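The values are calculated or read from the model by the stated rules, or taken from the named source; none is laboratory data. Owing to the predicted nature of the structure, the values given are computational and were not obtained by experimental measurement. When we count neighbours, we look across all protein chains shown, and the Cβ atoms used for this are built from the backbone with ideal geometry, even at glycine.
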Amino acid sequence: MAEKSRGDLLRWLFPPTDEDGRTIRSLPSAQAPVSWPAPRGGRGSDGQWRWTLSTRPGESYVNDLERRSAEGYRALATDLARERRLRGLTLRRLSATTGVALSVLTGLEQGSGWPGFETVAIVADALGLRVQVAGPSLLPQTEDQDQATMVAAWLAAGYKVAIPLQLLVSLELRERMRVVGVSKSAVARAVGLRHNTVTEMYDIGDFRFSSIRTLAALCAYLGTRLEVVPADAPW
């Protein structure tokens, strides 16, 4: 039997389960995050956007996970746009301040694409904000090891703030998986991500920034979303 066929047979005989023994089904590839259109949806035959972030209809989503992920992104983008306006900054001025292309900033606020976490973190930092998983943190806290200490240590070592912030988001999501009793592999299958996409989020030695689409999908599956708060707010 070919190796691929043997693997397919084993997965059929012994489907993956969570830590409570519940079978985890994989999403069809057409429903997986990599196949999702921009948060605001797709373009029509005339090449024009069909909807805005706020007017995209429910029936346009391939599944509930995409809907909740896009809604989480809409809240994040709306908050960033509001904070920019409150500071009297135009998108062009923000582009000059951050070094992020004007087209990317416009797309971020309008939902014309899924930006990378680094881009969102850079924009948030320029506005005096930070990106984090919404809700009370589930990470263990000690006197000498908390989120603020970790971020300060990375910044002191010369790293940009986006790196420790993504690591903290990843660790927070991992802790939520542990609390609800599902493995990273099970979550990856349920969300429609490659297993490595989830496990590499914690690999500091081979660190790479994740797409907001990936993080939004994981957050939505775990019942939360990404948010921005003042950079000096308690964790």
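When restricted to residues that are surrounded by 13 or more Cβ atoms within 10 Å (Cβ to Cβ) and of a type in the set (Gly, Ala, Ser), the stretch 42-85 contains 7.
Of the residues making up the stretch 126-146, those that are within 17 Å of the chain's Cα centre (by Cα) and outside any loop (DSSP other than H, G, I, E, B) are 129, 130, 131, 132, 133. Residues satisfying the criterion are present in the stretch 174-182 (criterion: among the small types (Gly, Ala, Ser) and surrounded by fewer than 19 Cβ atoms within 10 Å (Cβ to Cβ)).
Evaluating residue 111 against the criteria (1) at negative phi; (2) touching a residue at least 24 places away in the same chain (Cβ under 8 Å); (3) in contact with a Lys or Arg (Cβ under 9 Å, 6 or more places away or on another chain); (4) not hydroxyl-bearing (Ser, Thr, Tyr) leaves one unmet condition, (1). For the stretch 73-116, which positions are hydrophobic (A, V, I, L, M, F, W, C), in a helix (DSSP H, G or I) and under 28 Å from residue 44 (Cβ atoms)? If the condition is that a residue be hydrophobic (A, V, I, L, M, F, W, C), in a helix (DSSP H, G or I) and under 28 Å from residue 44 (Cβ atoms), then 75, 76, 77, 80, 81, 91, 102, 104, 105, 108 are the ones that fit.
Is it fair to say residue 54 is at pLDDT 55 or above, assigned to a loop (DSSP other than H, G, I, E, B), over 24 Å from residue 212 (Cα atoms) and hydroxyl-bearing (Ser, Thr, Tyr)? Can you show your working first?
Numbers: at pLDDT 55 or above: yes; assigned to a loop (DSSP other than H, G, I, E, B): yes; over 24 Å from residue 212 (Cα atoms): no; hydroxyl-bearing (Ser, Thr, Tyr): yes.
So residue 54 fails the test.
Being surrounded by 14 or more Cβ atoms within 10 Å (Cβ to Cβ) and assigned to a loop (DSSP other than H, G, I, E, B) is a description that does not apply to residue 165.
Sort out which residues of the stretch 196-215 are surrounded by 13 or more Cβ atoms within 10 Å (Cβ to Cβ), of a type outside the set (Lys, Arg) and farther than 17 Å from residue 171 by Cβ, and write them in order of number.
Correct list: 211, 212.
Look at the stretch 127-146 and say how many of its residues are out of contact with any Cys (no Cβ under 7 Å at 6 or more places or on another chain) and crowded, with 18+ Cβ neighbours inside 10 Å.
Of the stretch 127-146, the ones out of contact with any Cys (no Cβ under 7 Å at 6 or more places or on another chain) are 127-132, 134-146.
Applying the additional criterion that residues be crowded, with 18+ Cβ neighbours inside 10 Å yields 127, 129-132.
Of the residues in that region, 5 qualify.
Can you work out which of the residues in the stretch 105-115 that are surrounded by fewer than 21 Cβ atoms within 10 Å (Cβ to Cβ) and closer than 13 Å to residue 213 by Cα is farthest from the chain's Cα centre (by Cα)? That would be 112. For residue 31, the conditions (1) more than 23 Å from residue 229 (Cβ to Cβ); (2) without any contact (Cβ under 8 Å) to a residue 40 or more places away in the chain are fulfilled apart from (2). For first residues located in the stretch 146-171 and under 19 Å from residue 213 (Cα atoms), partners that are of a type in the set (S, T, N, Q) and lie 6+ apart or on another chain with Cβ distances below 6 Å form the pairs 168/147.
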